[in-house]
Amino acid sequence: MRVEKKFISAEYVTRLSQSPYFLVVDYRGLTVAQFSELRKRLRGAGAEAHVVKNNLFRIAAKEAGVADLGDSLAGQLAVVSGPKDIAAAAKVIKTYQSEFEKPKLQFGYLGSRALKADEVRAIADLPPLTELQSKILGVLQAPAQKLAALINTPGSQVARVIKAKAEKA
């Protein structure tokens with residue numbers, strides 16, 4: 001492999017190592033301005049889109065231990081990755097696709113698990129991570145609040161009885 005290709009492959013490996021996910025999109029039909037707009041929106045979601053050389057990306061994915069992509073890379077592809085959660089990037093792609101009917105989502109990987117395009121779209125429909133965390137915390141706190149109320153109830157009833165007795169006397 002030529003030095004330039006080794007450098008590009010090493011750059012892909014670095015990106016894959018720093019991101020918990022990647023999404024592969026076919027960007028054919030997007031103008032330069034549209035692709036720039038997509039990149040801008042993805043940046044706002046904490047992600048990046050990079051046009052890749054399919055063979056080099058296939059090698060880099062294998063080197064990074066992410067996946068053996070085999071023959072799944074064909075055509076003009078861009079890879080979306082980032083250090084934040086996959087849902088934000090998936091939402092941007094889904095929204096952009098609904099507006100312009102492009103780019104076409106091919107597949108993705110979350111960790112070492114392959115995701116079909118439909119699974120990525122389902123992730124895009126999830127609420128933001130912070131909202132999910134607060135819902136889980138609320139569910140966990142609800143039993144504790146009920147237990148505290150249950151424990152306090154008999155004590156308050158006893159206190160009322162004692163107060164009533166004291167007022168009669």
| message | What distance in nm separates the two pseudo spin-label positions at N55 and A166, each 7 Å out from Cα along the beta-carbon direction? | response | 8.9
| message | Place a point 7 Å from the Cα of L129 along the Cα-to-Cβ direction; which residues of the stretch 29-47 have their backbone N under 12 Å from it? | response | 46-47
| Magnitude of the charge dipole, the stretch 3-126, Cβ model with Lys/Arg +1 and Asp/Glu -1, debye to 20 | 180
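Provide the percentage of antiparallel DSSP beta bridges, counting only those with both residues in the stretch 1-81; round to the nearest 5. Don't skip to the end; give the middle numbers.
Working: 9 of 9 bridges.
If I count the DSSP bridges inside the stretch 1-81, around 100 percent turn out antiparallel.
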| field | Vicinal HN-Hα couplings computed from phi for the stretch 126-135 (Karplus, 6.51 cos²θ - 1.76 cosθ + 1.60; Hz; Gly/Pro x) | value | 5, x, x, 4, 5, 5, 4, 4, 5, 5
| Note, ³J(HN,Hα) from phi for the stretch 82-93, Karplus 6.51, -1.76, 1.60, rounded to Hz, x at Gly and Pro | x, x, 8, 6, 5, 4, 5, 5, 5, 4, 4, 5
| Approximate spin-label separation V3-S112, in nm, with each point projected 7 Å along Cα-to-Cβ | 3.5
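With an 8 Å Cα cut-off and a minimum separation of 6 or more residues, compute the relative contact order for the chain in percent.
Numbers: 203 pairs, mean separation 44.9, N = 169.
Result for the chain is 27 percent.
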| query | Just in the stretch 1-87: which trypsin sites (Lys or Arg not before Pro) are loop by DSSP and have at most 16 other Cβ atoms within 10 Å? | reply | R2, R28, K53, K84
| said: Rounded, prolate or oblate for the stretch 74-115? Axes are the square roots of the Cα gyration tensor eigenvalues, ordered a ≥ b ≥ c, and the cut-off for rounded is a/c under 1.5. | reply: oblate
| task | Under 23 Å between C-alpha atoms is the cut-off here; go through the stretch 12-130 and count lysine pairs that meet it, provided they're at least eight residues apart or on different chains. | result | 23
| note | Non-local residues with an amide H under 5 Å from the amide H of L115, with H modelled 1.01 Å from N and Pro and chain starts lacking one, are G108, Y109, L110
| field | Most positive-pole-ward Cα, S98, A33, L56, against dipole of the stretch 3-126 from beta carbon charges | value | A33
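Bear in mind these aren't lab numbers, they're just calculated from the coordinates by the rules spelled out. Quantities reported herein were computed from a predicted structural model and do not represent experimental measurements. Reconstructed Cβ throughout: ideal geometry from the backbone, glycine too, with neighbour counts over all protein chains shown.
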